[in-house]
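Undergrad: This is the structure, below, for whatever I ask next.
The values are calculated or read from the model by the stated rules, or taken from the named source; none is laboratory data. All figures in this text were calculated on a predicted structure; none of them were measured in a lab. For neighbour counting, all protein chains shown are included, and Cβ atoms are generated from backbone atoms with ideal geometry for every residue, glycine included. To get the accessible areas, we keep the full protein, side chains included, count just its heavy atoms, and leave off ligands, DNA and RNA. Shrake-Rupley method; radii C 1.70, N 1.55, O 1.52, S 1.80 Å.
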Amino acid sequence: MLLAGGCLAGSCLLAACGGGTAHTHRVGPIMRTAEVETEAPPVTSAQHAHGDNQASARMGGPGGDLALANGARLVVPAGALDADVEVMLGLGEPVTAFNNHDDEKVVGPSLVIAPELASANSAPFVVELPFTNLPEGFTEADIAVAFESTDDDASGFRGGAVRTTWEHAPARITADHKLRAEFVHAPGMRVQFVVSN
């Protein structure tokens with residue numbers, strides 16, 4: 001009688017908990033499979049990407065372009081890349097290198113182009129940036145573009161910190177009011193439009 005009562009009570013408890021049959025799950029060792037790295041297929045068409053503060057795309061021989069919300073644009077011409085690579089255009093940290101120069105001023109924000117790019121067929125890369133006004137005392141003839149690069153002569157600078165230098169190249173203003181520079185090599189760091197006289 002007691003045994004029957006105990007079984008009946010046990011059945012009631014099961015029914016109160018939703019009834020049905022009880023399920024048990026055995027947790028065994030988790031088996032992980034090794035991830036096999038597969039090569040990405042080759043890029044066979046021009047790539048285009050847009051972002052607010054940064055845009056990137058895997059590009060190859062067909063080239064392509066990257067654009068930011070502020071109107072900045074990087075054009076990679078067909079044939080300039082001899083291998084597929086992830087190309088990035090983004091906003092950079094503000095440049096202070098020209099702050100103490102009366103004969104040189106920055107125009108617009110700094111940009112970052114990465115990685116280092118060198119044209120395989122001498123077709124120029126193009127970077128453009130809309131702007132509103134030039135600093136007072138400067139004209140369109142004073143426009144240039146400055147490329148940041150690592151200063152190889154500054155090894156050991158401040159306990160191993162990287163010191164950079166800026167190299168200037170020609171630039172111009174387009175009819176649609178954009179700063180434009182064409183170049184066959186970019187070191188893979190910041191790019192800054194400037195006026196210099």
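Undergrad: With the cut-off at 1.5 for a/c, could you classify region 69-197 from its C-alpha gyration tensor as rounded, prolate or oblate? Kindly include the intermediate steps, with their values, before the conclusion.
TA: Details: a/c = 1.86, a/b = 1.04, b/c = 1.78.
The shape class here is oblate.
Undergrad: Amide H of Met59 versus every other amide H placed in the peptide plane: which residues, excluding those fewer than 5 positions away on the same chain, fall under 5 Å?
TA: Here Val85, Glu86, Val87 satisfy the definition.
Undergrad: In addition: Among 171-180, 86-95, how do they line up from the highest to the lowest mean number of other beta-carbon atoms within 10 Å? Can you show the working numbers first?
TA: Values: 171-180: 14.6, 86-95: 17.1.
Peptide ranking by packing, descending: 86-95, 171-180.
Undergrad: What net charge is computed for the residues neighbouring Arg58, neighbours being all others with C-beta under 9 Å from the C-beta of Arg58, Lys and Arg scored +1, Asp and Glu -1?
TA: Numbers: positive: none; negative: Asp84, Glu86.
Net charge around Arg58: -2.
Undergrad: What is the sum of charges, Lys and Arg at +1 and Asp and Glu at -1, for the other residues whose Cβ falls under 12 Å from the Cβ of Glu182?
TA: Details: positive: Arg172, Arg180; negative: Glu128.
Neighbour charge sum, excluding Glu182 itself: +1.
Undergrad: Ordered by packing density, taken as the mean number of other Cβ atoms within 10 Å over each peptide's residues, highest first, how do 121-127, 60-66, 182-188 rank? Don't skip to the end; give the middle numbers.
TA: On the way: 121-127: 16.4, 60-66: 20.1, 182-188: 18.1.
Order by mean packing, descending: 60-66, 182-188, 121-127.
Undergrad: While we're here: What residues have an amide H closer than 5 Å to that of Thr164, excluding those fewer than 5 places away on the same chain, when H is modeled at 1.01 Å from N in the peptide plane?
TA: Asp151
Undergrad: Can I ask one more? Can you run phi through the Karplus equation (6.51, -1.76, 1.60; θ = phi - 60°) for region 141-148 and list ³J(HN,Hα) in whole Hz, with x for Gly and Pro?
TA: For region 141-148, the Karplus curve yields 5, 8, 5, 8, 10, 10, 10, 7 Hz.
Undergrad: Here's something else I'd like to know. Over region 66-126, give the accessible area per residue in Å² for a 1.4 Å probe, as an integer. Don't skip to the answer; put the middle values down first.
TA: Details: 2800 Å² over 61 residues.
Value for region 66-126: 46 Å² per residue.
Undergrad: Could you rank Val75, Val107 by how accessible they are, 1.4 Å probe, largest area first? Write out the running numbers ahead of the final one.
TA: Numbers: Val75 40, Val107 5 Å².
Of Val75, Val107, the descending order of accessible area is Val75, Val107.
Undergrad: List the GluC sites (Glu not before Pro) within region 105-156 that DSSP assigns to loop and that have no more than 16 neighbouring Cβ atoms inside 10 Å. It would help to have the intermediate numbers written out before the result.
TA: Working: sites: Glu116, Glu128, Glu136, Glu140, Glu148; in loops: Glu116, Glu136.
Counting only loop positions with at most 16 other Cβ atoms within 10 Å, the GluC sites (Glu not before Pro) in region 105-156 are Glu116, Glu136.
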